[in-house]
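Asker: I have a structure here, written as structure tokens, and I will follow up with some questions on it.
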Amino acid sequence: MIRGVHHINFLVRDLDEAVDRYQRLLGVRIDRRDALPGRGVRMARFLAGETWIVLVQPVADGVPMRHLQKHGEGFFLISYGVDDIAEAVSSLRAAGGYTTSDEARTGLDGWRVIDIAADELNGTVVQLCQDDTGRDRP
């Protein structure tokens, strides 16, 4: 069902400071900045091989803000790429798994994403992502 890691999200309190630190310490160039007002976040991202690394700063109440308040900065979620999100969700549910919503939502660059309930995979926040926009690389 999954074809690889599409993106990994890390929560940060200060996006500009985090971008500076990642660039300085890891030698990466981060020039993609985004916002998802509906999720209450600002983001910056870069590619590490074929995987997007996304730094996420919550700026309004929502799941990311509550996670940051409870767990602090650091790893937030891993998103696995799938070819067909509806088919992947159907397979997941047929195997007894469940998601946190009935339908996928639209993420960055039109990515279609849906979260698997954390207790399904040992407490890890896992997401499925269909990225067929043709805009998945810089």
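Asker: May I ask you to list the residues in region 5-27 that are of a type in the set (A, V, I, L, M, F, W, C) and either modelled with pLDDT under 95 or assigned to a loop (DSSP other than H, G, I, E, B) (or both)? Reasoning before the result, please.
Answerer: Taking region 5-27 and keeping what is of a type in the set (A, V, I, L, M, F, W, C), we get 5, 8, 10-12, 15, 18-19, 25-26.
Listed by number, the list holds a single entry, VAL12.
Asker: Restrict the check to region 6-15 and report whether at least one residue is farther than 19 Å from ASP132 by Cβ, of a type outside the set (Val, Ile, Thr) and surrounded by fewer than 15 Cβ atoms within 10 Å (Cβ to Cβ).
Answerer: yes
Asker: What pairs come out if I take residues in region 28-46 that are in contact (Cβ under 8 Å) with a residue 40 or more places away in the chain and outside any loop (DSSP other than H, G, I, E, B) and pair them with residues that are basic (Lys, Arg) and crowded, with 17+ Cβ neighbours inside 10 Å whose C-beta lies under 6 Å away, six or more apart or interchain?
Answerer: Sorted first by the residue in region 28-46, then by its partner, the pairs are ARG32/ARG45.
Asker: Here are VAL113, VAL89, VAL54: which of them is part of a helix (DSSP H, G or I) and either among the hydroxyl-bearing types (Ser, Thr, Tyr) or crowded, with 19+ Cβ neighbours inside 10 Å (or both)? Spell out how you get there, then give the answer.
Answerer: Details: VAL113 fails: part of a helix (DSSP H, G or I); VAL54 fails: part of a helix (DSSP H, G or I).
Checking each option against the conditions leaves just VAL89.
Asker: From the set of residues in region 84-124 that are among the charged types (D, E, K, R) and within 14 Å of the chain's Cα centre (by Cα), which is farthest from HIS71 (Cα to Cα)?
Answerer: Applying the first criterion (among the charged types (D, E, K, R)) to region 84-124 yields 84, 87, 93, 102-103, 105, 109, 112, 115, 119-120.
Checking the rest, the ones that are also within 14 Å of the chain's Cα centre (by Cα) come to 105, 109, 112, 115.
On the way: ARG105: 24, ASP109: 28, ARG112: 26, ASP115: 18 Å.
Checking each candidate, the answer is ASP109.
Asker: Tell me yes or no: at least one residue of region 66-85 is in contact with a strand residue (DSSP E or B) (Cβ under 7 Å, 6 or more places away or on another chain), among the acidic types (Asp, Glu) and exposed (fewer than 13 other Cβ atoms within 10 Å of the Cβ). Show your work before the answer.
Answerer: So the first thing to find is which residues in region 66-85 are in contact with a strand residue (DSSP E or B) (Cβ under 7 Å, 6 or more places away or on another chain), and the list is 67-68, 73-85.
Checking the rest, the ones that are also among the acidic types (Asp, Glu) come to 73, 83-84.
With the extra rule that they be exposed (fewer than 13 other Cβ atoms within 10 Å of the Cβ), the set shrinks to 83.
The answer is yes; a qualifying residue exists.
Asker: Against the conditions (1) touching a Phe, Trp or Tyr at 6+ places or on another chain (Cβ under 7 Å); (2) farther than 29 Å from ARG32 by Cα; (3) of a type outside the set (Ser, Thr, Tyr); (4) outside any helix (DSSP H, G or I), where does GLY96 fall short? Just the number, please.
Answerer: (1)
Asker: Given (1) under 24 Å from VAL19 (Cα atoms); (2) in contact (Cβ under 8 Å) with a residue 12 or more places away in the chain, where does ARG66 come up short, assuming only one miss?
Answerer: Failing condition for ARG66: (2).
Asker: Just to be sure before I move on: is MET43 farther than 20 Å from GLY123 by Cα, of a type in the set (A, V, I, L, M) and surrounded by 13 or more Cβ atoms within 10 Å (Cβ to Cβ) in the structure I sent?
Answerer: Values: farther than 20 Å from GLY123 by Cα: yes; of a type in the set (A, V, I, L, M): yes; surrounded by 13 or more Cβ atoms within 10 Å (Cβ to Cβ): yes.
It is true that MET43 is farther than 20 Å from GLY123 by Cα, of a type in the set (A, V, I, L, M) and surrounded by 13 or more Cβ atoms within 10 Å (Cβ to Cβ).
The values are calculated or read from the model by the stated rules, or taken from the named source; none is laboratory data. Note that the coordinates shown come from a computational prediction; the quantities given were computed from them, not determined experimentally. Glycine gets a Cβ as well: all are built from the backbone with ideal geometry, and neighbour counts include every protein chain shown.
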